[in-house]
Amino acid sequence: MSENKPTLSRRAFLRTAGALVAAPAIVPATVFGRDGKVPPSERIIFGGIGIGNRGTHDLNWMLPEPDVQFVAVCDPQRARAAAAKNVIDTRYGNKDCKLYHNTPQFLAERTDIDAVLSTTGDRWHALAAIMAMRAGKDIFSEKPSCMTVAEGRAVVETAQRYGRVYQAGMQRLSEGNFAFCDEMARSGRLGRIHTVRAHIAPWDAAELRHDWLPAEPLPPKEEVDWDAWLGPCPWRPYNAAYVRGGWRGHYDFHTSCIGEWGAHTFASCQVAIGCERTAAVEYHYVNNDSGDGMVTVFENGIKMVLQREGWRGSCGVRYEGTEGWVACADGYSQPDVSNPAMLSDFKKLVGDYMARTQRPMSHMRNFLDCIKSRHKPVADEEVMHYSMATVHAANVCMWLKRDVRYDPVKERFVNDPDADRFLSRAMREPWIY
Amino acid sequence: MRNKQILLVLSAAVILAGAMYTPAQTVPPKQEEGKLIAVLKSADATRKDKHDACRQLALIGTKAAVPVLASLLGDEEMSHMARYALEPIPDPAVDAALREALGTVKGKPLVGVIGSVGVRADAGAVPQVAGMLKNSDPLVAQAAARALGGIGTPEAVKALEGALPGTSGDMKLCICEGLLRAAEGFVAAGKNPDAVAIYDRLRKLDDPHQVRSGGVRGAILARGPAGVALINEYIKSSDYILFSAAIRASSEMPGEAVTKALADGMKGLSTDHQLVVLGTLAVRRDATAMPQIAEAAASGDKAVRLAAMKAMPAIGDASAAPILLDLLNDSDRDIANAAQENLAAMEGPKVDAAVLAMLDSGQTARQLKGLEMIERRRMTNVTAALMKATADDDEAVRSAAIRLLGSTAGADEFPVLVKLLLNAESASEIRSAEQALSGVCSRQAQPAAGGLVIHKAVYGAADGRSADVTAKVAELVKSGQLSITASNANFGDPAEGTVKQLTVDYTAGGVRQTATVAEGETLTPAAAVTPKPLLDQLVAALDKAQTPQKAALLRVLRSTKTPQALDAVRSAARGEGAIADEAVSMLCDWPTAEALPDVLKMAQTATDERVKVLALRGAIRMIPLQNISEQDKLAGLKKLLPMVQRNQDKQLLLGALGNIASADALAMIMSYMDDPATKNEACFAAVAVAERIAETDKAAVTEAMQTVIKTTTNQALTRRARQVLNKARN
């Protein structure tokens, strides 16, 4: 690595640009890697929105990175914010992480923050990403990253509008086993791919709840800001179960068992078959409560089958071609393959993929690198949007209980005004992008 | 009574709303609209009832529902749900209602109404919304700015541009957002000059930085090919915001002109900026940039050189190969290593040709690098070149070439490889030839019927719904099928509606193994056998070989695990000298149970104590490999007991007993529990057996697991023992 110092540090830029103007990192690529140490002035300054259990997991990936400095956390739930602060402060051995309760205020005040980690519930993912990017931040957004096709499109437009780096939490796109399977499909080693199979969550259903849990007294706003927790979703009375994670399975807050894992597996499948910038066009209804066995078809004729079983771990994928198949899921020591000889190329395939795409096998590292290089990360806004569009259309197929066709260019269903009604949901004021 | 009346007008879905679960997203029949409207008009309907009615109307509502929904827009409790229903209704009456509401509702509901006007892009609302840009409520003014951008007419843009001067903070950002949205609309409509005008204005602002970035991107992209001029301008900018925005925008523009702007513009930039440009060139994968990238790789700042080399496999152009080849010998080790890494990652026949040419260079270091590249790139069709290299003057080159032939050569080259082994002059060459011959034997092996025993086969789902199909699989194997398809056609359907798996526990070629395939796949439980002609050549060569080569040939034969190989090793073991010692060791370490009679005999009769020990250990290992009953295996191990005196042998015995699922084996294991030297292995073996017999030998398992729990200090093993104990007690 070079011993040269960057010609203009990010903080130096800040000084020249004015103290109140937030600015992106200034590519300290020559600095990073010098004995693995990064001076504080060159670190990427991070803030968090809605850091819960999943967020703590992400923090554990992010905090050890030498070029990351996490400085603040915002959450409408005081206890969650405090827990995240504790993780961060423990890591840094200080008490410096600041707490915020109100997202607009947090984004407006912390102009020093370069990037945001957003691990809210599903209902807030798109809005948080849009608000952060509009405020000039890059963002790592957990999945499922949008509730509707319209939300996904708004995320895409905002990222492109402001030139922000967006990475969705589709970590399996940066894991060796999955990357190997994707490359086996992409490189033609499986022959002509005809079918891919995507794991959907084996709990909950495609049908979602619309009941309200019994009303409970509102806690003090400083403990739980219920209005902010609901965000753009329809109002409903407070019940502590929601904020403890019981929001899953409710139509207003969740994208069903299909979105729960499909957010990962559809993206992997679509990347593997070169359909990451489009969505499936045909959705064939299956008469069950989960979508298990639904066949979707892409414009290139490749089928993607939704499956609840067939893997030994979570979030599995399987790619089938005329000359073999590969499959993997979380926890596999190595991918399943139709011919053991395929595995002899594991290191080469993954290594070549990394060399060709300049992407590491670390989802968070890929994001951090792209913050500096301004390149698109592996799960950029379009990869997120189009794979989630397939999720949404599959849900609509189940909700309408019939086959549907979707046009991924017009982003509407084909001659199907009833299905089009599901494409967007009016957002609750003032949580409107 | 009134509640009863409400129930009469609610649809079934609405009736169930409230505390009960309701799949409310199901589209209600269109004729339900009147009933849903009635709910909204009812004074007795709860807020939940009305929310549900709005949600249903969002799916089936028409012009008929607009008046009642419009009447709720000023109601703080219902305003959002009224818009929730109104926004997707494709009727101009909705726009009229929202426009009217713009003049009547206040506060947060007004913010929402403005937002819906923007979503529906109602051009008729521009005058009203524009008037709200100066509203004293910042949320209203900001919503108006964004909505005007969504509407995006020239009038809307004019209002936004007029409001921009003098603003700051969130309001300025929202006006800029509106302008950016409008510009995107112009581009979508093909009105690029109008968009360019907006983008040009925004890129020249002092702040916010993200708006300047957006302005630069839009100004470049909206100009089309003419946008290259801006890339040329901004690539030289010392303002990182403008520079990075232009480079990022370039990645959205195809074409050699853009590539040229980046490649030419890179020279003279700071290191950091060059790294960004090189990364972008890599992503573009446009080979026209190769000359500039090659120049960057050749000399100068090390970080830039490394980035330039890294870009080469990404671009994938063969012209990079000779450049990287040259850099293999760079005096800087990091550069040389990077050249090697990136060369290995490059694809294509031209790169392969460049690598092969290295073998003809006459330079040993280069030849060895070339051979390494062949291996790392997993190149095929290189046998002829490798064969040629086996005659090289340099031993290291010869040795590497011979070894590589093992992964590329076929049956045709086998005689030459045998000859190379016989003529090998050094230990290194012998080792390489041995590896090569073993490699060919392995790759040429074919599945063969016979010697295949099916122990257990199960077809079913992960949830436990499964069928024992051992007999069926055995029948298929007996009929001559080497590959078994996991299908309902073969095995019926024990778990309808799920993807099933076939798991087969079998012994093939003396080796016991388990394989699992998913429904629709095939499983080939046959042993792979090296073709006889290859074995014949190896055996024939034994007579001509000198001692080291003969030992190598025997090791190759052992790797094939065939009866013919076993015979050859037996024959050698009967001889004298070093080769006989080597052959005896091989017999004791034979991978299948076929050598059991030999090792049993040696264990009992050998005069050499070392041989006795090796033979005993071989027997302990081989007995469980036999295709005989568990009781017979146990009996076989029991016969060895008088000879099992050393602690290490006892531990091996316990390992073998752990594979035998019987109460007798468990009892035998338990007898080793009191000896400190064997108790750990005994605990592991006891749990392994108990897990398999917990349901059939409950009393013995219960007693054994209680002992294990008291004896072991291994927490994981304790957990397993407790689980088995619980199973045995239930």
(request) Compute the distance in nm between two label points, each set 7 Å from the Cα along the Cα-to-Cβ direction, one at residue B:336 and one at residue B:155. (result) 7.5
(request) Report the label-to-label distance for residue B:30 and residue B:723 in nanometres (one decimal), using points 7 Å from each Cα along the Cα→Cβ vector. (result) 5.8
(request) Take the Cβ-Cβ distance between residue B:646 and residue B:378 as r, set R0 to 60 Å, and report the resulting FRET efficiency rounded to the nearest 0.05. (result) 0.85
(request) With r as the distance between the Cβ atoms of residue B:257 and residue B:96 and R0 = 45 Å, compute the FRET efficiency 1/(1 + (r/R0)^6) and round to 0.05. (result) 0.35
(request) Identify the trypsin sites (Lys or Arg not before Pro) of region B:73-168 meeting these criteria: DSSP loop state and at most 12 other C-beta atoms within 10 Å of the C-beta. (result) B:106
(message) Could you tell me how many cubic angstrom of Cα convex hull volume chain B has per residue?
(response) 276
(request) Name the most mobile residue of A:352, A:138, A:211, meaning the one with the largest mean-square fluctuation, in a Gaussian network model of chain A with Cα contacts below 10 Å. (result) A:211
(message) Given bins 10 angstrom wide, list per bin the percent of all Cα-Cα distances in region B:130-201, short to long.
(response) 24, 56, 18, 2
(message) If I stretch the segment between residue B:226 and residue B:267 completely, what's the gain in nm (0.36 nm per residue apart, minus their alpha carbon distance), one decimal?
(response) 12.6 nm
(request) Return one number: the angle in degrees, 0 to 90 and rounded to the nearest 10, between the long axis of the Cα atoms of helix B:364-376 and the longest principal axis of the Cα atoms of chain B. (result) 70
(request) Place a label point 7 angstrom from the Cα of residue B:239 along the Cα-to-Cβ direction, then list the residues of region A:152-180 whose backbone nitrogen is under 19 Å away. (result) A:161-164
(request) Starting from the eigenvalues of the Cα gyration tensor, five times each then square-rooted, give me the equivalent ellipsoid semi-axes of region B:223-302, largest first, whole Å. (result) 19, 15, 10
(request) About the Cα centre of chain A, how large is the charge dipole given +1 on each Lys and Arg Cβ and -1 on each Asp and Glu Cβ? Please answer in debye to the nearest 20. (result) 940
(message) Which one, B:559, A:224, A:119, is farthest towards the positive end of the dipole of the protein assembly as shown when Lys and Arg carry +1 and Asp and Glu -1 on their Cβ?
(response) A:224
(message) Only four residue types carry charge here, +1 at the Cβ of Lys and Arg and -1 at the Cβ of Asp and Glu. Report the dipole size of chain B about the Cα centre in Debye, rounded to the nearest 20.
(response) 1520
(message) Need one number: the % of Cα-Cα pairs in region A:343-433 sitting beyond the 18 Å mark.
(response) 64
(request) Using only Cα atoms, figure out Rg for the protein assembly as shown and give it as a multiple of 2.2 N^0.38 Å. (result) 1.10
(request) Report the one residue of A:241, A:343, B:615 whose Cα lies farthest in the direction of the positive end of the charge dipole of the protein assembly as shown (charges on C-beta: Lys and Arg +1, Asp and Glu -1; origin at the Cα centre). (result) A:241
(request) Compare the Cα positions of A:315, B:440, B:579 along the charge dipole of the protein assembly as shown (+1 at Cβ of Lys, Arg; -1 at Cβ of Asp, Glu; about the Cα centre) and return the one farthest towards the positive end. (result) A:315
(message) Under 8 Å for C-alpha pairs, at least 6 residues apart: give me the relative contact order for chain B, rounded to a whole percent.
(response) 4
(message) Quick check for me: using +1 on Lys/Arg Cβ and -1 on Asp/Glu Cβ, what's the dipole size of the protein assembly as shown about its Cα centre, in debye to the nearest 20?
(response) 1140
(request) Let me know the volume per residue of the alpha-carbon convex hull for region B:216-352, in Å³. (result) 86
(request) Against the globular-protein guess of 2.2 N^0.38 Å, express the Cα radius of gyration of region B:527-567 as a ratio, rounded to two decimals. (result) 1.09
(message) Based on the alpha-carbon set only, what is the convex hull volume of region B:428-508 divided per residue, in Å³?
(response) 129
(request) For residue A:241 paired with residue B:134, estimate the spin-label separation in nm (one decimal), with each label point 7 Å from Cα along the Cα-to-Cβ line. (result) 5.3
(request) Using only the alpha carbons, work out the radius of gyration and Dmax of region A:71-147 in angstrom. (result) 12.2, 38
(request) Provide, in order from the shortest bin, the percent of all Cα-Cα pairs of region A:261-368 in each 10 Å bin, continuing until the bin that contains the maximum pair distance. (result) 12, 39, 37, 11, 1
(request) List the equivalent ellipsoid semi-axes of region B:644-730 in whole Å, largest first, each obtained as the square root of 5λ for an eigenvalue λ of the Cα gyration tensor. (result) 20, 14, 9
(message) Counting C-alpha atoms alone, how compact is region A:181-258: give Rg to one decimal and Dmax as a whole number, in angstrom.
(response) 19.8, 61
(request) Give a residue-ordered list of calculated ³J(HN,Hα) values for region B:662-668 (Karplus: 6.51 cos²θ - 1.76 cosθ + 1.60, θ = phi - 60°; whole Hz; x for Gly, Pro). (result) 8, 5, 5, 4, 4, 4, 5
(message) Test of understanding: in a Gaussian network model of chain A with alpha carbons linked when under 10 Å, which of A:54, A:356, A:161 would top the mean-square fluctuation ranking?
(response) A:356
(message) I need the calculated FRET efficiency for the pair residue B:524 and residue A:216, taking r as the beta carbon distance and R₀ as 60 Å, to the nearest 0.05.
(response) 0.50
(request) Could you calculate the contour length gain from residue B:75 to residue B:638, that is, 0.36 nm times the residue separation minus the distance between their Cα atoms, to one decimal place in nm? (result) 193.8 nm
(request) Report, in deg cm²/dmol and to the nearest 500, the calculated mean residue ellipticity at 222 nm for chain A, where each DSSP H run with n ≥ 4 adds -39500 (n - 2.57) and the sum is divided by the residue count. (result) -10500 deg cm²/dmol
(request) At most 16 other Cβ atoms within 10 Å and a DSSP loop assignment: could you name the GluC sites (Glu not before Pro) in region A:290-364 that fit? (result) A:299, A:323
(request) May I ask you to list the trypsin sites (Lys or Arg not before Pro) in region B:602-676 that are in a DSSP loop and have at most 13 other Cβ atoms within 10 Å of their Cβ? (result) B:646
(message) Between helix B:256-266 and chain B, what is the angle of the helix's C-alpha long axis to the longest principal axis, kept within 0 to 90° and rounded to the nearest 10?
(response) 80
(request) Specify whether the C-alpha gyration tensor of region B:533-643 places it in the rounded, prolate or oblate class, a ≥ b ≥ c being the square roots of the eigenvalues: rounded for a/c under 1.5, otherwise prolate if a/b is larger than b/c and oblate if not. (result) oblate
(request) For chain A, take the alpha-carbon Rg, divide it by the Kirkwood Rh, and send me Rg/Rh. (result) 0.97
(request) State, in angstrom, two size descriptors of region A:94-224 derived from its alpha carbons: Rg to one decimal place and Dmax to the nearest whole number. (result) 19.4, 61
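Computed from the coordinates by the stated procedures, all read-outs in this text should not be read as laboratory data. The structure displayed is predicted, hence computed values, not measured ones. As a convention, Cβ positions derive from the backbone with ideal geometry for all residues, glycine included, and neighbour counts pool all protein chains shown.
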